[in-house]
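The values are calculated or read from the model by the stated rules, or taken from the named source; none is laboratory data. Predicted model, so just to flag it, every value in this text is computed and none were measured. Quick reminder, even Gly has a Cβ in these numbers, built from the backbone with ideal geometry, and neighbours come from all protein chains shown. Protein only, heavy atoms only, side chains kept; ligands, DNA and RNA dropped before computing areas. Shrake-Rupley method; radii C 1.70, N 1.55, O 1.52, S 1.80 Å.
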Amino acid sequence: MKLIKQYIEKDKSGYVTLLPEEFEDMWHVYNLIQKHDQLRAVTIRRIQSESTTGSVDSQRIRLTLTISVDNVDFDTQVGMLRISGRVIVENPHVKLGTFHTIDLEMNRNFTLIKPEWDVIALERVQEACDIAKKADVAAVVCQEGLANVCLLTSSMTIIRQHIDCPVPRKRKGSVTNYEKGLKRFFEQIYQAILRHIDFDIVKCVILGSPGFVREQLYDFIFAEAVRTDNKVILQNRSKFIMVHTSTGHKQALQEVMNDPAIKIKLADTKAAQEVQALDQFYEMMNMDPDRAFYGFKDVSRAAERGAIGTLLVTDELFRAADIAKRRQYIALVESARASGAKVFVFSSLHVSGE
């Protein structure tokens, strides 16, 4: 994400102009925009005009509108935000107070105006615009006949392709149909890897499965790369890691993130640190429950006593429509930080946040 312009007043009101460049940027924007904020962006609206003869002419025109945000809808499949609200700045083509929906897409500027830019919102802007904070991991979790090709960023788990390909069972005396079905299945995964994984960006590709499926898939990928002389796959062989998972579903990524080999690879990424913090919390719940607190009431009491070492909180709490509730959680985060605590803001679209 590019920060085009930022102007924040002393009373914390102000605006930022941003340019989303990647899929994950749209997730950050979704977290930034809240009800009653103001959004200014270029949009397309159908305008009707009546001629002197009484005939009605309708045409779509591009114009810049400013709306007061009423509803935000995020389509995670295509990375598009639909923001609806009332028009609050006069425009020669659109009356004040009329409803309009603005579609925010990648590579299109927009300006977000807030009555109050709190510390979490400003951190979100800083994080989104800092390229160094992005994690670059791909994962294929599979079992016979089922696979999910995913991209893991610091705040999202994006399923790029879901593959469901029936593999016939082994029959006594003949495994021909089984082997053909398995080959067909692996071929689909191989094509999905070529289509969705950019090896210039990705640090590692995780192959996870129960049984020996991952080893068979690994062998197929590199046999196919040799056969087709795919230099990209062959040159990035060291990026492939095999791990055991109990299933081929998306939920298995939680097990993947806990694997020591993966943790070493992702030691500097936000997602790995979050998973580690969550593991430590669960461990403390089991071993020393008097030191592990959850729920706003108990955590607030711990914060008042300066007794928080690590605070885990999900980003959904900062998107609450209730301003008082949102401020409550922001105050909790600021209080914990002031007493020297580590604060992890978990993304609700990442496996660790889920």
Exercise. Which entries in the list Lys114/Lys325; Lys239/Lys342; Lys5/Lys114; Lys10/Lys342; Lys183/Lys250; Lys183/Lys231 go over 24 Å, if you measure between the two C-alpha atoms of each?
Worked result: Lys239/Lys342; Lys10/Lys342
Exercise. Of all the accessible heavy-atom surface of the stretch 103-252, with the other protein chains kept in place and a 1.4 Å probe, what percent is carbon and sulfur?
Worked result: 51
For this session: Give, rounded to the nearest 20 debye, the magnitude of the charge dipole that the chain has about its Cα centre when Lys and Arg contribute +1 at Cβ and Asp and Glu contribute -1 at Cβ.
Result: 520
Problem set entry | Carbon plus sulfur fraction of accessible area for the stretch 1-70, probe 1.4 Å, in percent | 43
Exercise. Round to a whole number: what % of the accessible area of the stretch 298-354 belongs to carbon and sulfur, probe 1.4 Å?
Worked result: 47
For this session: Using the Karplus curve 6.51 cos²θ - 1.76 cosθ + 1.60 with θ = phi - 60°, work out ³J(HN,Hα) for each residue of the stretch 98-113 in order, rounded to whole Hz, and write x for Gly and Pro.
Result: 7, 7, 8, 10, 9, 8, 9, 10, 5, 6, 10, 4, 8, 10, 10, 10
Problem set entry | Of Leu217, Ser238, His28, farthest towards positive along the dipole that unit charges on Lys, Arg, Asp, Glu beta carbons give the chain | Leu217
Problem set entry | In the stretch 1-65, trypsin sites (Lys or Arg not before Pro) in a DSSP loop with at most 10 other beta-carbon atoms within 10 Å | Lys10
For this session: Output the relative contact order of the stretch 107-221, whole-number percent, from Cα pairs under 8 angstrom with separation of 6+ residues.
Result: 26
For this session: Give the accessible surface of the chain per residue, rounded to a whole number of Å², with probe radius 1.4 Å and ligands, DNA and RNA excluded.
Result: 54
